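A short write-up of the structure that comes next.
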Amino acid sequence: MWPFGRKSASSPAPGPVIADQLEARPASEPPVPGAATADNIHRIEGTLESVLRTDPMALQDAIAEMSALSGRLEGMLVDFELTGQLNRFSGSVAAAYARLNNTVGGSPDIILRQMTIGQTLKWPALLAFADGMVDNMVLDQDTLRMVELYDLHAGESSPEAIHRAVQYSMMTVGHVSTESDWSKLLDELTYGSALLFVEGAPAVLVLDTVKFQARHIGRAQSEPSIKGPQEAFNEILLTHMNQLRRRIRSSWLKFDSMTVGGYTKTSVLVAHIEGLTNPELVSAIKRRVAQVKVDEVQELHQIADRILERRSTLFPMTRTTERVDWVARDLLRGKVALIVDNDPFVAVYPNTLMDFYQTTQDYVFSTWDGTLVRLVRLLGIILAVYLMPLYIALTSVNPDLVPTKLILTVAGSRQGIPFSPVMEVIIMYIIIEVLREAANRLPQQLATTLGTVGAVVVGTAIVKAGIVDDLMIVIATLSALGLFTTPSYEMTAAWRWLFWIMVVGAYAFGIFGMILVTVGIFTYLCSLENFGVPFFTPFGPTRIVDLADSWVRAPANWFVNRPTYTRPVDVSQARPTHVRGDMDLYQAQRDARQ
Amino acid sequence: MRMPGRFVAFLTGLSLLLAGCWDNRPIDTRALVLMMGVWPATGGRVEVAMEIPTPSGLTTLTGGGTSAGSQGASAAYYVLTGTGSNVMSALSNAESMANGDVYLGQTGMVILSTELSPQARKMALEALARIGSFDKTAYLGVTESSERAFMDFTPPSSPLPALYFLNVFGCKSCMPVALDQTVWTSEQDRYTAGVSLWLPLLVPAAKGFRINQMVLFRDNRLAAILSPTATRWLGMALGRTHKAAFGVMTIFPGAPVAVRAVTAKSSPSYRMTHGQLHLRVALNLVGTVDLLPAGDATAPTIHRLDTALARMVAHKVAHALVLAQKLGVDPVGFGRAYLFRHPHAGREWARLYRKAPVTVTVRAVIHNLGDLT
């Protein structure tokens, strides 16, 4: 587009306007506004080219832009003359056509169809819709066919009467509303609604014909679970709501709708359960979302990153999930969900460190299994963050702390290795990071192959090449696997950064340095807050009740109350179940006898 | 108080600069001293010998194989020696010949020659205490062998002699009498009034090192080298018996009964009565009888066996204590307990100790019957 390119130097191609089907245009029909001006502009174009020593292509761009602007202005002038406002539809279908054709009509997916209403009266009308975003079946059968075939009565010749008849008698579309404001009309058009302009009627019928091309509801890829629900969100906001409603069939489940994005006008929902969730939390989130002023919102984090108190924290403050069951669970624990259109991930607030280490699977199996897997995850963090630095500290700074037999083994395995332990660690970690990123970018099938290649081929080759020792391969593998035990991907980044800090501490100060960095990590964790909730709770500050669902997972009947850190209005979530064993069995048998 | 970020960054950078991390050397580039010994040299000098594993020896160890020791083609270790007027200078001389940074932090065994003069022995022990990087948990022992005979001897069960000692002394319940002494505990004994230093005697033998004798010291002077038998009884008074075996002759004449796996707990104490010091050791023995004649495995027989065992042990332990008393050494540490309550009675302690009657009470229990595996 001028002045940035020459490809569109010619005048903008008009939208795929379907041929006029009017058999006889009414005598009172005004000429198409802007047509005469465009002709005049084209006529003087040749003259200008010869007179002015300018680039004719640039000139053509300018002429095309001017032509479109002229058409838009003339349409606006007609509306202004009839209504006194520039932004209001006047009832002139011709003006509406000019205005639409010169604003969105240049886009091939915007369809403007001039038509008539009724078999006998043939009242002029204009139908506008975005191709591909509407349900063609609804549009063809429930709108066009009904409008064209409907036989208007003699008494329905006034525009208002025709408009009323179309809205209440002809349309079989589920939801029909009226709107006159042009800015809202354009928003509705680009959202997938069909607009029906009736000549003479100042209100435009907005037909809910939206039907997006949607991805099917699949399994949660990023948070798999062996058992339990597998359902994941897709990109469609309506589906998000449906999925959550199916799980929480309570009228108290509320979706507060907002729009964010100057151009994208993305729908954002703040989901919560009224009467359960702390209203201050809901209000705070809504207020912060409303303050987000950006041109585009393509995905959740463009909003989520802007509504936090501290936006550059090392640890993630936003827990995102694609699991429907997890969002439903969090809502019922007194949290608030932030749902953004076009993103299959949903953010929940507020979050603590433990929220990133809890999964559905923890609750599907027994308390012993749940506790065990969580302890394994804790061990995974320790391995990922400490193992390699410990190797550096013990082989370079504090070898006196290692048992003699072990140090002999380490020293023996390092014979002939040209690099120091710290260099070995750097090399191996870079390889791990490269493999991780490559695996993320590749399709699932290739990623598996890459993992095998990385683990076996590269690992074996690098030892044979004498770059790192055998022990380092074991340590690197354990470290990498330890990081993969973290269920939430966003949390791994924090530990990966802390790993490097730990390496520096270990290399500079040995074990003492590692302890210093550990103290620093705990201090930092204690300083973080998330919507007023301490990030390190229930450990700091200590919440004894919440410890039951931390690194240990207590039996289900322990969870009588909701977590204290969400400060819910409705604290209790269950009553203890008293199973009477033999007494219940006796009662059942007695009932059966009777 | 909120510290500015720049100040924190400055502190971090400064501490990193001052950490001296660029001086860190990986373990494989250091000469790991696993065993160190001090012997007398000519002209009143001392000789320090250090056992250091070779790269090929380390690789062999990693692979789980064995090596022929320093004498073989692929020696698992080499011995670095240096002489000097004292241990520190001898150590420096030896270090100058090493092809790497000599690292004493992994020293597992320290040997002192019985031939060292009291002054040299004292200086050697003080030097060990002063070396900062030296691991104080290293085991300490004495030997009558020469430096060459001792350091070049490789026990067949271990490619590295130091590992042999680490295995032996590391498992206290594996020895009849645990004679492990570390540099740390010997320092305690040396600097604590009222207790005499004792060390195990290490003798190279065909199958390894023979460690069944105790060497008693009196003020850094070698007081006596106890026989294996005396060592066993004195070790019992010290509470270091974990797996002893005795033959009780008095129950069935002509048919000794073997009592094995005897564990002894010792509770030494003293008592002052009318200005007279009484020394007392209460022993609690638990053991197993291998085999009794048919029909004799009855409670009265076991009881008689308990009594006979207690009487025999009490007699022998008392005899060993009296022997130590005559030598003027107090390895059990009666004096430490006495001087704790009478800190100004240091001079009279020696006199009181020599004249103190010794009583040993033994409670023996045979708690098991049958063959041991």
Rounded to whole angstrom, the alpha-carbon centroid of region A:149-208 lies from that of region B:339-373 at a distance of 111 Å
Averaged per residue, the 1.4 Å probe accessible area of chain B, protein heavy atoms only, in Å², is roughly 48 Å²
Considering only B:Asn93, A:Pro421, A:His240, whose Cα is most displaced toward the positive end of the charge dipole of the protein assembly as shown, charges sitting on Cβ of Lys, Arg (+1) and Asp, Glu (-1)? B:Asn93
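When DSSP assigns beta bridges and you keep just the ones with both residues in region B:229-369, what percent turn out antiparallel, to the nearest 5?
On the way: 17 of 28 bridges.
For region B:229-369, the DSSP antiparallel bridge percentage is about 60.
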Rounded FRET efficiency, nearest 0.05, which uses the C-beta distance separating A:Thr178 from A:Leu149 and R0 of 30 Å: 0.85
Cβ charges +1 (Lys, Arg) and -1 (Asp, Glu), total dipole of region A:237-351, debye: 340 debye
Picking from B:Ala124, B:Ala76, B:Ala205, which is most flexible by a Gaussian network model of chain B using Cα springs under 10 Å? B:Ala205
Mind pulling the angle between the C-alpha long axis of helix B:228-237 and the longest principal axis of chain B? Nearest 10 degrees, somewhere in 0 to 90. 90 degrees
Förster-model FRET efficiency, 51 Å R0, B:Ala299 and A:Leu372, C-beta, rounded to 0.05: 0.55
For region A:74-122, whose charge dipole is built from +1 on Lys and Arg Cβ atoms and -1 on Asp and Glu Cβ atoms, the candidate among A:Thr120, A:Val104, A:Gly91 with its Cα farthest towards the positive end is A:Thr120
Accessible-area value, B:Arg354, 1.4 Å probe, nucleic acids and ligands omitted, Å²: 140 Å²
Return the sequence-ordered ³J(HN,Hα) values of region B:191-201 in whole Hz as given by the Karplus equation 6.51 cos²θ - 1.76 cosθ + 1.60 applied to θ = phi - 60°, using x for Gly and Pro. 9, 9, 6, x, 9, 9, 6, 9, 9, x, 9
Whole-Å distance linking the alpha carbon centroid of region B:211-271 with that of region A:315-352 is 72 Å
Classify the protein assembly as shown as rounded, prolate or oblate from the Cα gyration tensor: take a ≥ b ≥ c as the square roots of its eigenvalues, call it rounded if a/c is under 1.5, otherwise prolate when a/b beats b/c and oblate if not. prolate
With everything on Cα atoms, drop me the angle between helix B:299-327 and the longest principal axis of chain B, reported from 0 to 90° to the nearest 10. 60 degrees
Might you tell me the accessible area per residue for chain A, computed with a 1.4 Å probe and given in Å²? 49 Å²
What percentage of the solvent-accessible surface of region A:237-351, computed with a 1.4 Å probe over protein heavy atoms, is contributed by carbon and sulfur atoms? 47 percent
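Looking at the protein assembly as shown, what % of its DSSP beta bridges pair antiparallel, to the nearest 5? Please report the intermediate quantities before stating the final value.
Working: 91 of 116 bridges.
Beta bridges within the protein assembly as shown, antiparallel portion: roughly 80 percent.
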Cut-off 12 Å, label 7 Å out along Cα→Cβ of B:Ala205, residues of region B:166-185 by amide N: B:176
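Using Cα-Cα distances under 8 Å and only pairs 6 or more residues apart, what relative contact order does region A:237-351 have, in percent?
Working: 193 pairs, mean separation 34.7, N = 115.
Relative contact order, region A:237-351: 30 percent.
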Mean Cα-pair separation over length for chain A, i.e. relative contact order, pairs under 8 Å, 6 or more apart, %: 10 percent
Label-point separation in nm, B:Glu144 to A:Trp252, each point 7 Å along Cα→Cβ: 9.1 nm
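Rounded, prolate or oblate: which one fits region B:229-369, using the alpha carbon gyration tensor with axes a ≥ b ≥ c (rounded when a/c is under 1.5, else prolate when a/b beats b/c, else oblate)? Each step should come with its number before you reach the end.
Values: a/c = 2.76, a/b = 2.71, b/c = 1.02.
It is prolate, given that a/c is not under 1.5 and a/b is the larger ratio.
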Degrees, to the nearest 10: B:5-18 long Cα axis against longest axis of chain B: 80 degrees
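What does the charge dipole of chain B about its Cα centre add up to, to the nearest 20 debye, if the Cβ of each Lys and Arg holds +1 and the Cβ of each Asp and Glu holds -1?
The dipole magnitude comes to about 1460 debye.
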Cysteines of the protein assembly as shown without any disulfide-compatible partner (other Cys Cβ under 4.7 Å) are A:Cys526, B:Cys21
When a/c is below 1.5 the answer is rounded, else prolate if a/b is larger than b/c, else oblate, so apply that to region B:25-210 with a ≥ b ≥ c taken from the square roots of the Cα gyration tensor eigenvalues. oblate
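For A:Val571 and A:Trp500, calculate 0.36 nm times their separation in residues minus their Cα-Cα distance, and state this gained length in nm to one decimal. Walk me through the numbers on the way to the answer.
Details: separation 71, 0.36 × 71 = 25.56 nm, distance 4.17 nm.
Working it through step by step, the gained length comes to 21.4 nm.
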Give a residue-ordered list of calculated ³J(HN,Hα) values for region A:265-274 (Karplus: 6.51 cos²θ - 1.76 cosθ + 1.60, θ = phi - 60°; whole Hz; x for Gly, Pro). 6, 6, 6, 10, 10, 9, 9, 7, 10, 5
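Which value results when the Cα radius of gyration for region A:35-207 is divided by 2.2 N^0.38 Å? Don't skip to the end; give the middle numbers.
Values: Rg = 18.4 Å, N = 173, 2.2 N^0.38 = 15.6 Å.
Rounded to two decimals, the normalised Rg is 1.18.
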What residues qualify as long-range amide H neighbours of A:Thr537, i.e. H under 5 Å apart, gap of 5 or more or another chain, H built at 1.01 Å from N? A:Leu353
For A:Thr452 and A:Gln415, compute 0.36 nm times the residue count separating them, minus their Cα-Cα distance, and round to one decimal in nm. 10.6 nm
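Could you report the buried accessible area between B and A, both sides summed, computed with a 1.4 Å probe and given in Å² to the nearest 100? Provide the component values of the computation, followed by the final result.
Details: alone 18830 and 30380 Å², together 47190 Å².
Between B and A, the summed buried area is about 2000 Å².
For an R0 of 51 angstrom, estimate the FRET efficiency from the Cβ-Cβ distance between B:Gln276 and A:Thr523 and round to the nearest 0.05.
Numbers: r = 64 Å, r/R0 = 1.25.
With R0 = 51 Å, the Cβ-Cβ based efficiency is 0.20.
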Given a 1.4 Å probe and the protein chains all in place, what does the accessible area of B:Arg304 round to, in Å² to the nearest 10? 120 Å²
Measure of exposure for B:Ser157: accessible area at 1.4 Å probe, Å² rounded to 10, is 90 Å²
Separation of alpha-carbon centers, region A:508-522 and region A:451-493, rounded to whole Å: 24 Å
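Percent of alpha carbon pairs in region B:184-303 separated by more than 17 Å? Kindly include the intermediate steps, with their values, before the conclusion.
On the way: 5023 of 7140 pairs.
It works out to 70 percent of all Cα pairs.
Take A:Trp182, A:Trp551, A:Trp368 and sort them by solvent-accessible surface of the protein heavy atoms, 1.4 Å probe, largest at the top.
On the way: A:Trp182 5, A:Trp551 40, A:Trp368 205 Å².
Output order, biggest surface exposure first: A:Trp368, A:Trp551, A:Trp182.
What's the magnitude of the charge dipole for chain A around its Cα centre, counting Lys and Arg as +1 and Asp and Glu as -1 at the beta-carbon? Answer in Debye, nearest 20. Can you show the working numbers first?
Numbers: 51 positive and 60 negative charges, 477 e Å.
Computed about the Cα centre, the dipole is about 2300 debye.
The values are calculated or read from the model by the stated rules, or taken from the named source; none is laboratory data. The model shown is predicted, which means the values in this text are computed figures rather than measured ones. A quick note on method: Cβ atoms are made from the backbone with ideal geometry, for glycine too, and the neighbour counts reach across all protein chains shown. Surface accessibility is based on the protein's heavy atoms, side chains included, excluding ligands, DNA and RNA. Shrake-Rupley method; radii C 1.70, N 1.55, O 1.52, S 1.80 Å.
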